[in-house]
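In what follows, a structure is listed as structure tokens, so that the remarks can point back to it.
The values are calculated or read from the model by the stated rules, or taken from the named source; none is laboratory data. These numbers come from a predicted model, not from an experiment. Note that each Cβ is placed from the backbone with ideal geometry, even for glycine, and that neighbours are counted across all protein chains shown.
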Amino acid sequence: MTPPATKLKRTAGKPLTTAAIAAMKAGQILSDGGIDTGAGRLKIRKRQTKTGSVSEWLYIYWGEKGKRLTMVLNGKASRYSPKEQEGFLTIAQARELARKLQADVQAGVDPAKQRELDKAATQKAQATAIGKLKDSKEKTLAALMAAYVTSLEAKEKTESAYDVTNLVKNHISTPFPALAATPAVQITASDVSKILTRLVGPDAVVKKGRTALKLRSYMAAAFKLAMGAELDPMAPGSAAGFELNVNPAAAVPATKMAAKFQTVGERTLTVDELRCYLKRLEKVPSEIHRLALELQIMAGGQRMQQLLRLTRADLTANTFTLFDPKGKRAQPRTHVLPLLPELSDRIEQLKKLSPVSERNENGSLFASTGGSVIECDHPI
């Protein structure tokens, strides 16, 4: 049953006391004479609720054109309490807040409008924080490495992109799914070390040192890419927004791993082994495969991938040029080699096997195809 309406009673002038507030009836409003009233007044109102009544603080002031305005003193924390407690205001606390609002009014600030502005700013900050939290869940270590793969593909480094994809799948995502799903900004040097320890640590049955070195290098490059992506117009969009300040992969030392696993090979073929190899080449059924292998050995053991890229444009009367695209360089490194008679003879044969045509517009020397290569059963 709704209680009958109570006529509001107002008093003013005297400083409020706990006893006066305790004696208030529902619907009554008292003014506090404990502060000056020139730029606003502090009042307390006892309001009837479904479960009883509450006493709450009000601030009365005059806005534009002398309009009388009323606002609760401190938002949700505006109720009275004789003792200090969270969400409530004592008489002293209410007076302190009221004096601050009076100072705002005297400075030409509307307290109610300022409260709305502050509320909007808080909501915007909360929305921004939620957005960042959502982004952080998407900007994972796996996403960082995927962005690096995208950057490699954009540079047409397809082999490196394929290599990174496989390394991440086999040595991060599969064995460490929780780390792969962790925001990249939270990845530490210890996490990177944990990933590499699986490959080269004491418990690794088969030590994969070169794999560990490559993975560390790729991870360091990925973090470096993301750290500079905000200012790099050439960086893929997926590399931005990780908000990285450190490169945890670069912080993991590679000196010991490199010293142990990145050793220079000193093994060379003996005369008998070389003789066996050349004899076996004579029996290779595919002429183009035989010529490629002979070209490699006669050119001093050059990288096969570089030899297979040879085109007519790379040849002169006395030299041929190989291109090394590996590493961070923008342009491939060139290797100019002498075109010895033995090499020249085989290159002429390759020209006949791979003539310039619609299928071979760039004049590749290895546009033709052939059968498989016979392996030498001599221990080389």
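Details
- Leading residue by the ranking (farthest from Ala19 (Cα to Cα)) among those in the stretch 65-89 that are touching a Lys or Arg at 6+ places or on another chain (Cβ under 8 Å) and either surrounded by fewer than 16 Cβ atoms within 10 Å (Cβ to Cβ) or not assigned by TED's automatic domain parsing to the domain that holds Thr37 (or both): Gly75
- As for the stretch 259-279, it holds no residue that is crowded, with 18+ Cβ neighbours inside 10 Å and in contact (Cβ under 8 Å) with a residue 60 or more places away in the chain.
- Under the condition of being of a type outside the set (S, T, N, Q), in a loop (DSSP other than H, G, I, E, B) and surrounded by 18 or more Cβ atoms within 10 Å (Cβ to Cβ), the residues counted in the stretch 160-207 number 1.
- Residues of the stretch 37-89 that turn out to be among the small types (Gly, Ala, Ser), assigned to a loop (DSSP other than H, G, I, E, B) and at negative phi, as a count: 6
- Listed by position, the helices (runs of 4 or more DSSP H) contained in the stretch 247-302 that have at least 2 residues being touching a His at 6+ places or on another chain (Cβ under 7 Å) are 271-281.
- Residue count, the stretch 3-43 (criterion: of a type in the set (Ser, Thr, Tyr) and either under 19 Å from Ser78 (Cβ atoms) or at pLDDT 90 or above (or both)): 3
Residue-by-condition table, conditions (1) in contact with a Lys or Arg (Cβ under 9 Å, 6 or more places away or on another chain); (2) acidic (Asp, Glu); (3) closer than 20 Å to Ala239 by Cα; (4) touching a residue at least 60 places away in the same chain (Cβ under 8 Å):
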residue: Ala154; (1), (2), (3), (4): no, no, yes, yes
residue: Leu167; (1), (2), (3), (4): yes, no, yes, no
residue: Ala181; (1), (2), (3), (4): yes, no, yes, no
residue: Ala184; (1), (2), (3), (4): yes, no, yes, yes
residue: Ser190; (1), (2), (3), (4): no, no, no, no
residue: Lys194; (1), (2), (3), (4): no, no, no, no
residue: Asp203; (1), (2), (3), (4): no, yes, no, no
residue: Ser217; (1), (2), (3), (4): no, no, yes, no
residue: Ala222; (1), (2), (3), (4): no, no, yes, yes
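- Any hit, the stretch 52-62, residues being touching an Asp or Glu at 6+ places or on another chain (Cβ under 8 Å), surrounded by 13 or more Cβ atoms within 10 Å (Cβ to Cβ), of a type in the set (S, T, N, Q) and within 22 Å of Pro15 (Cα to Cα): no
- Ala26 vs. criteria aliphatic (A, V, I, L, M), outside any strand (DSSP E or B) and either in contact with a Phe, Trp or Tyr (Cβ under 6 Å, 6 or more places away or on another chain) or within 28 Å of Gln114 (Cα to Cα) (or both): no
- Among the residues of the stretch 335-370, the one identified as under 13 Å from Ala313 (Cα atoms) and of a type in the set (Asp, Glu) is Glu361.
Let's see how each residue does on (1) touching a Leu at 6+ places or on another chain (Cβ under 6 Å); (2) small (Gly, Ala, Ser):
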position: Ala212; (1), (2): yes, yes
position: Ala249; (1), (2): no, yes
position: Thr255; (1), (2): no, no
position: Thr270; (1), (2): no, no
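- Contact annotation: no residue pair with Cβ atoms under 9 Å, 6 or more positions apart or on different chains, pairs a residue in the stretch 329-357 that is modelled with pLDDT under 85 with a partner that is of a type in the set (Gly, Ala, Ser) and not in a loop (DSSP other than H, G, I, E, B).
- When residues of the stretch 90-114 are limited to those that are without any contact (Cβ under 8 Å) to a residue 24 or more places away in the chain and in a loop (DSSP other than H, G, I, E, B), the one surrounded by the most Cβ atoms within 10 Å (Cβ to Cβ): Thr90
- Qualifying residue in the stretch 227-245 (condition: in the same structural domain as Lys194 (by TED's automatic domain parsing) and touching a His at 6+ places or on another chain (Cβ under 9 Å)): no
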